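The values are calculated or read from the model by the stated rules, or taken from the named source; none is laboratory data. These figures come from a predicted structure and were not determined experimentally. FYI the Cβ positions are ideal-geometry reconstructions off the backbone, even for glycines, and counts take in every protein chain you see.
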Amino acid sequence: MSIVLKKTKRLYQTVLLVEIGIFFLAIVFFSIVEKSINETVLSFFVGLMAIFLPYLFSILLMFFRQQVNQPLSRFYKVAAFKFSLTVVFIIMAIKFFAHLDHSVFFLGCILSLVLNSILPLVLNHYGKQ
């Protein structure tokens with residue numbers, strides 16, 4: 001495995017740990033604000049997971065499986081899989097959670113998307129120093 005891939009693998013391990021920690025703190029915060037675990041906290045958690053789980057699967061498929069000779073082809077296949085899985089998870093969440101607070105659900109989705117996009121950049125920038 002090349003040095004760049006090893007560095008990227010370590011970066012994404014750190015990103016996943018930081019992201020899980022932020023999710024945990026956000027759920028604890030919502031639980032304290034709401035004084036219990038209710039539909040609001042559940043909606044937020046389901047929104048986080050609807051975006052985070054496909055992201056997690058895509059990272060596992062890209063960096064933690066046997067490397068192949070055509071990494072660019074694999075990248076596009078994993079991206080398509082991630083997009084499809086995200087759509088399926090959002091549809092399942094809306095369909096099967098009847099008492100879902102949609103605004104809080106999408107707040108969780110947006111937080112997860114922002115963290116998925118920003119954390120690798122921030123950690124990569126501060127990891128160089």
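Structure notes:
- Leading residue by the ranking (farthest from THR86 (Cα to Cα)) among those in region 99-129 that are in a loop (DSSP other than H, G, I, E, B) and in contact (Cβ under 8 Å) with a residue 12 or more places away in the chain: HIS99
- Positions within region 1-29 being of a type outside the set (Val, Ile, Thr), in contact (Cβ under 8 Å) with a residue 40 or more places away in the chain and more than 15 Å from LEU115 (Cβ to Cβ), in sequence order: MET1, LEU5, LYS9
- Among the residues listed as LEU72, LEU85, LEU48, LEU53, the single one being out of contact with any strand residue (DSSP E or B) (no Cβ under 8 Å at 6 or more places or on another chain), of a type in the set (A, V, I, L, M, F, W, C) and modelled with pLDDT under 90: LEU72
- The residue that is surrounded by the most Cβ atoms within 10 Å (Cβ to Cβ), counting only those in region 15-50 that are closer than 26 Å to HIS125 by Cα and of a type in the set (Val, Ile, Thr), is VAL15.
- Region 1-38, residues that are in a helix (DSSP H, G or I) and modelled with pLDDT under 80: VAL4, LEU5, PHE30, SER31, VAL33, GLU34
- The set of residues in region 88-98 that are at pLDDT 90 or above and not in a helix (DSSP H, G or I) is empty.
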